[in-house]
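S.K.: Let me begin by handing over the structure; questions about it come next.
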Amino acid sequence: MSEQMQMIIILFVFAFLIGFFIAHFMRKGAYKRKYEEKLTSLAEEEKKSAYIYTQTLEKEKQDQAKYHKVHDFYETKNNRLHELRDEEASLMQQITSLEEQKEAYKEKFATADSQISEVKDEITKLSAELDNLRELRDIVAANDEKR
């Protein structure tokens, strides 16, 4: 091989190596930019996710506060309902007691009415007897006067 041919081959190998290193460094820079862009986009996504997570936590706190408020309201109303039911049961017992007393008084009034009727009948009888006795007294007095 001639010296010129060897030089061409060496220059060709040298040009190939230079091209290889240039391509390698260009690819390395491109990959570096690509990874940096990817890291930047991931950082932005992470910020968005963190913001959404924060908003979700705040909404959860608000929902929990609303839940506790509604739950307390429900408990208050439920307790009041139980109190009202107890009052209703007590009032129903009182009504039942009053109705029983009413029935007892009706019986007493019926008994009293029958007794009053008996007493009126007795008074009527006694009045009639009294009238008869007065008539007899008048007759006896008239007979005594005639004698």
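Nothing in this text is a laboratory measurement; each read-out follows from the coordinates by a stated rule. Treat the numbers as computed from the prediction; the structure is a model and nothing was measured. Virtual Cβ from ideal backbone geometry, glycine too; neighbours counted across all protein chains shown.
S.K.: What value, in deg cm²/dmol to 500, does the helix sum -39500 (n - 2.57) over DSSP H runs of n ≥ 4 give at 222 nm once divided by the residues of the chain? Could the numbers behind the result be given before it?
M.R.: Numbers: 1 runs with 144 residues, N = 147.
Rounded to the nearest 500, the figure is -38000 deg cm²/dmol.
S.K.: Could you give the radius of gyration (one decimal) and Dmax (whole number) of the Cα atoms in the stretch 86-146, in Å?
M.R.: Calculated on Cα positions, Rg and Dmax stand at 25.4, 86 Å.
S.K.: Separate question: Roughly how many Å is it from the Cα centre of the stretch 47-125 to that of the stretch 22-45, as a whole number?
M.R.: 76 Å
S.K.: Compute the acute angle (0 to 90°) between the alpha-carbon long axis of helix 3-146 and the principal axis of greatest extent of the alpha-carbon atoms of the chain; round to the nearest 10°.
M.R.: 0 degrees
S.K.: With Cβ to Cβ distances under 15 Å as the rule, what net charge do the other residues near Ser114 carry (K, R +1; D, E -1)? List each step's numbers first, then the result.
M.R.: Details: positive: Lys106, Lys108, Lys120; negative: Glu107, Asp113, Glu118, Asp121, Glu122.
Neighbour charge sum, excluding Ser114 itself: -2.
S.K.: Quick one: putting +1 on the C-beta of Lys and Arg, -1 on the C-beta of Asp and Glu, what dipole do you get for the stretch 1-82 around its Cα centre, in Debye to the nearest 20? Before the final figure, lay out the partial values.
M.R.: Working: 14 positive and 11 negative charges, 55 e Å.
For this selection, approximately 260 debye.
S.K.: Let me ask another. Could you tell me which of Leu57, Ile22, Ser41 has its Cα farthest along the dipole of the chain towards the positive end, charges placed at Cβ (Lys, Arg +1; Asp, Glu -1), taken about the Cα centre?
M.R.: The residue sitting farthest along the positive end of the dipole is Ile22.
S.K.: Now for a different question. Please check: in the Gaussian network model of the chain (C-alpha springs, under 10 Å), which one of Leu42, Leu81, Leu130 has the largest mean-square fluctuation.
M.R.: Maximum among the listed residues: Leu130.
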